[in-house]
Amino acid sequence: MKVSLMFKPFDGQMKYPDMEKRILDWWEGNGIFDKLRTQLADKPTWSFFDGPITANNAMGVHHAWGRTYKDIYCRYKAMKGYNQRWQNGFDCQGLWVEVEVEKALGFDSKRDIEEYGLEKFSLACRARVDKYAERIVQQSIRMGQWMNWYHEDGHPASYFTMDDNNIEHIWHFLSVCNEKGWLYKGHRSMPWCWRCGTSLSQHELVDSYKEQIDPSCFFRCQVEDRPNEYFLVWTTTPWTLTANTALAIQPEANYAKVRLDNDTYYLMKALVEKVMPKETELIETVPGKELIGLSFHGPMENLPVQAEVTRRTVAWDMVSEEEGTGIVHIAPGCGAEDFQLSQDIGLDIIVPIDDNGYFTNRMGWLKGKHVRDTAEDIRQDLDTRGVLFRWEDYEHRYPFCWRCKTPLVFRLADEWFIAAD
Ligand SMILES: [Zn+2]
């Protein structure tokens, strides 16, 4: 039996880009896409609404990947005889664009933007969107994606979220929410990026954790009116000691009263071996609940903002036996759980830093310093005042801003919410 070859032998010299360009030229030259649209104009509609790509940069491989799927579905439905909108979208607002413009202009913070001028900055953002929207259109055409890229007059046919039309619809949506009483201003402790000057939502924290080395700071707080008697406390964020207003104790656990040199310390019994040097002597075991309601000297009580704070030890069942000392430093202005506790039992709240991470006016010697570079100053301050017990490096998982890779802080902020309950 004789087998005849249907195809010419392949010489291995195929130039795929040339082949692609030939096909694109043939589509273009014969108006294939326009013919398809004319042919389907009066057919039933299949609705595809493009989830817009952010026009802050040229397309990446991951975008091309996603667009390939979109294109396949639209072509498949077209072959099945459905008419379509064929409209691409561009996402134009938000920090994705702003961060790129800031980088291009060499800016470091929100303050730089204000000095540059908000209108000028906003125009620069729009210009970047226009530039990269056009670039993405060209890349998409080259990919072979079928969309209605241009109107007959040559203007882009894509939708842009920065169009007044779109913005007015969003305002309308918000006004409807407001009429229904769903819009409210809340006071919450949020993950905060001081570089971007904004809070992050919970879903923005997913995959944002990385290994980071922070100080592991053990410090001591003297029990009120009991010289040489201290609560031993631990933190990995020494800057939040500025906002300390309470210490939390696990009421169900046993605590050890121990002696080291001429001082007496309280810490969770289960953690004594891990935390204290060998020569430490156990004096007695005290139930956690007996240590609740005591006044103490705050680790940074010399700051003006601390003057009218009422500090006390409080019960909290979230105190863990795993790490630290079993006595937890509480700063309701700097942590979500701490804030919740303060709301439940009524604790004073201090918000030590502003939007951009600078210590505020009532922070004494820290005023105007940046949270990013105060760890060493705070270490020295604690040491000088006899508050520091031990300071080491500590590697742990810590959340970072997904936009600019800055380590996040937690900060109490006023935010607008739409009630969804
Ligand atoms: Zn950021």
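So in the chain, what percent of DSSP beta bridges are antiparallel if you round to the nearest 5?
Once the DSSP bridges in the chain are tallied, antiparallel ones form about 80 percent.
For a test of the definition: using alpha carbon positions, the gyration tensor, and the 1.5 limit on a/c, classify the stretch 6-80 as rounded, prolate or oblate.
The shape class here is oblate.
Work out how much length TRP96 to GLN380 would gain on full extension: take 0.36 nm times their residue separation and subtract the Cα-Cα distance, in nm to one decimal.
Working: separation 284, 0.36 × 284 = 102.24 nm, distance 3.88 nm.
Length gained, TRP96 through GLN380: 98.4 nm.
Cα gyration tensor of the stretch 17-168, axes a ≥ b ≥ c as square roots of the eigenvalues: rounded (a/c below 1.5), prolate (a/b > b/c) or oblate?
Judged from the Cα gyration tensor, the stretch 17-168 comes out prolate (a/c at least 1.5, a/b above b/c).
Between ALA419 and ARG75, what FRET efficiency comes out of the Förster formula 1/(1 + (r/R0)^6) with R0 = 41 Å and r the beta carbon distance, rounded to 0.05? Write out the running numbers ahead of the final one.
On the way: r = 42 Å, r/R0 = 1.03.
The calculated FRET efficiency here is 0.45.
Please compute the net charge surrounding ALA413, taking Lys and Arg as +1 and Asp and Glu as -1 over other residues with Cβ under 12 Å from its Cβ. Could the numbers behind the result be given before it?
Working: positive: LYS185, ARG188, ARG411; negative: ASP354, ASP355, ASP414, GLU415.
That sum, taken over residues with Cβ under 12 Å, equals -1.
Give the distance, in whole Å, between the Cα centre of the stretch 249-308 and the Cα centre of the stretch 9-41.
Computed from Cα coordinates, the inter-centre distance equals 77 Å.
Probe of 1.4 angstrom, ligands and nucleic acids ignored: what's the accessible area per residue over the stretch 209-418, in square angstrom? Intermediate values should be presented prior to the final figure.
Values: 9710 Å² over 210 residues.
That works out to 46 Å² for each residue.
In vacuum, with every alpha carbon of the stretch 230-273 counted as one equal point scatterer, what does the Debye formula give for log10 I(q)/I(0) at q = 0.19, 0.26, 0.31 Å⁻¹? Two decimals, please.
-0.71, -1.02, -1.12
Using the Cα centre of the chain as origin and beta-carbon charges of +1 (Lys, Arg) and -1 (Asp, Glu), tell me which of PHE90, HIS329, GLN145 is placed farthest towards the positive end of the dipole.
GLN145
Please go through the stretch 379-421 and write out the trypsin sites (Lys or Arg not before Pro) that DSSP classes as loop and that have at most 15 other C-beta atoms within 10 Å.
ARG385, LYS405
Which FRET efficiency value, to the nearest 0.05, do you get for GLU152 and MET318 by plugging their Cβ-Cβ distance into 1/(1 + (r/R0)^6) with R0 = 60 Å?
Numbers: r = 64 Å, r/R0 = 1.07.
For GLU152 and MET318, the calculated efficiency is 0.40.
Using +1 on the beta carbon of Lys and Arg, -1 on that of Asp and Glu, and nothing else charged, what's the dipole of the stretch 17-168 about the Cα centre, debye to 20?
Using only the charged Cβ atoms, the result is roughly 820 debye.
If I take every Cα pair under 8 Å that is 6 or more residues apart in the chain, average their sequence separation and divide by the length, what percent do I get for the relative contact order? If you can, show how the numbers build up before the last one.
Details: 696 pairs, mean separation 77.2, N = 421.
Result for the chain is 18 percent.
No partner Cβ under 4.7 angstrom, meaning no disulfide-compatible partner by this rule: which Cys of the chain qualify?
Taking the Cβ cut-off of 4.7 Å, the unpaired cysteines of the chain are CYS74, CYS92, CYS125, CYS177, CYS217, CYS221, CYS334, CYS404.
Which length gain, in nm to one decimal place, applies between GLU281 and TRP65 when the Cα-Cα distance is subtracted from 0.36 nm times their residue separation?
Once the chain is fully extended between GLU281 and TRP65, it gains 71.3 nm.
Amide H to amide H, which residues 5 or more places from GLY333 or on other chains are under 5 Å from it, using H placed in the peptide plane?
ILE350
Size of the dipole of the chain about the Cα centre, Lys and Arg at +1 and Asp and Glu at -1 on the beta carbon, nothing else charged, in debye to 20?
1940 debye
Which chymotrypsin sites (Phe, Trp or Tyr not before Pro) does the stretch 173-212 hold that lie in a coil by DSSP with at most 16 other beta carbons within 10 Å? Could you put the intermediate results ahead of the total?
Numbers: sites: PHE173, TRP182, TYR184, TRP192, TRP194, TYR209; in loops: TRP182, TRP194.
Sparse-neighbourhood loop chymotrypsin sites (Phe, Trp or Tyr not before Pro): TRP182.
Roll a 1.4 Å probe over the protein chains and send me the accessible area per residue for the stretch 43-182 in Å².
So the stretch 43-182 comes to 62 Å² accessible per residue, rounded to a whole number.
Given Cα pairs under 8 Å that are at least 6 residues apart, what percent is the relative contact order of the stretch 17-168?
Relative contact order, the stretch 17-168: 32 percent.
Hey, with R₀ at 35 Å, roughly what FRET efficiency would CYS177 and THR38 work out to, going by the Cβ-Cβ distance, to 0.05?
The value I calculate is 0.25.
Probe radius 1.4 Å, ligands and nucleic acids ignored: give me the carbon and sulfur share of the accessible area of the chain as a rounded percent.
Details: 12470 of 24150 Å².
Carbon and sulfur: 52 percent of the exposed surface of the chain.
Can you pull a Stokes-Einstein diffusion coefficient for the chain at 25 °C (0.890 mPa s), Rh from Kirkwood over Cα pairs, as a whole number of µm²/s?
Estimated via Stokes-Einstein, D reaches 92 µm²/s.
Ignoring everything except DSSP H segments at least 4 long, calculate the 222 nm mean residue ellipticity for the chain; use -39,500 (n - 2.57) per segment, divide by total residues, nearest 500.
That comes out to -9500 deg cm²/dmol.
The values are calculated or read from the model by the stated rules, or taken from the named source; none is laboratory data. Treat the numbers as computed from the prediction; the structure is a model and nothing was measured. Counting neighbours? That spans all protein chains shown, and the Cβs are built from the backbone with ideal geometry, glycine included. Just so you know, the surface numbers come from the protein's heavy atoms only, side chains and all, with ligands and any DNA or RNA stripped out. Shrake-Rupley method; radii C 1.70, N 1.55, O 1.52, S 1.80 Å.
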